[in-house]
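This report concerns only the one structure given below.
Just so it is clear, none of the values below were taken in a lab; they were calculated from the coordinates. Note that the structure is a prediction, hence the values are computed from the model and not measured. Neighbour counts run over all protein chains shown; Cβ positions are idealised from the backbone, glycine included.
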């Protein structure tokens, strides 16, 4: 039983790690990051499969964490899907490195490694490994030059950007 507990703790800690060649942004200002973000592109996963019009809304929690509300439209089911989670800073509130949970005590990394530092209008986010990647923006569209720059940054860090799904917004 003790070995299983240690293995579980190590597994959970591993899910909040940082992939090679990824550096969370410093001088991060949470207040500027809060609010609604639109998913421009992503590497697909079962929990988002088939969803369009995907957005995330970040707000403060009473316990000092961040409330995360993800929303997307399933054309297959003709309905909106929504999930609420919570996030907390891993190393300090001035670094874009958080752990996020949507399912009980299990946390995964939320690492902001690309950011419009002046206006917080776009961000590049990954999870604990290189199978998780999102391009986010404050509006449902983003300039091609910015999108290309973020894709190039992700590719340089070792993400397979040829598998990006570009999200439709109506």
* **region 22-170: relative contact order in percent, alpha carbon pairs under 8 Å with at least 6 residues between** => 27 percent
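Would region 43-105 count as rounded, prolate or oblate if I go by the C-alpha gyration tensor, calling it rounded below 1.5 in a/c and otherwise prolate when a/b exceeds b/c, oblate otherwise? Let's see the in-between values first.
Working: a/c = 2.56, a/b = 2.16, b/c = 1.19.
Taking the square roots of the gyration eigenvalues as a ≥ b ≥ c, region 43-105 is prolate.
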* What is the fewest-to-most order of 93, 123, 55 by other Cβ atoms lying within 10 Å of their Cβ? -> 93, 55, 123
* Asked: Given the Cα-Cα distance of residue 79 and residue 163 and 0.36 nm per residue of separation, how much length would full extension add, in nm?
  -> 27.7 nm
* Burial ordering of 29, 111, fewest other beta-carbon atoms within 10 Å first -> 29, 111
* Using the count of nearby Cβ atoms within 10 Å as a rough guide to exposure, how do 76, 81 rank from fewest to most? -> 76, 81
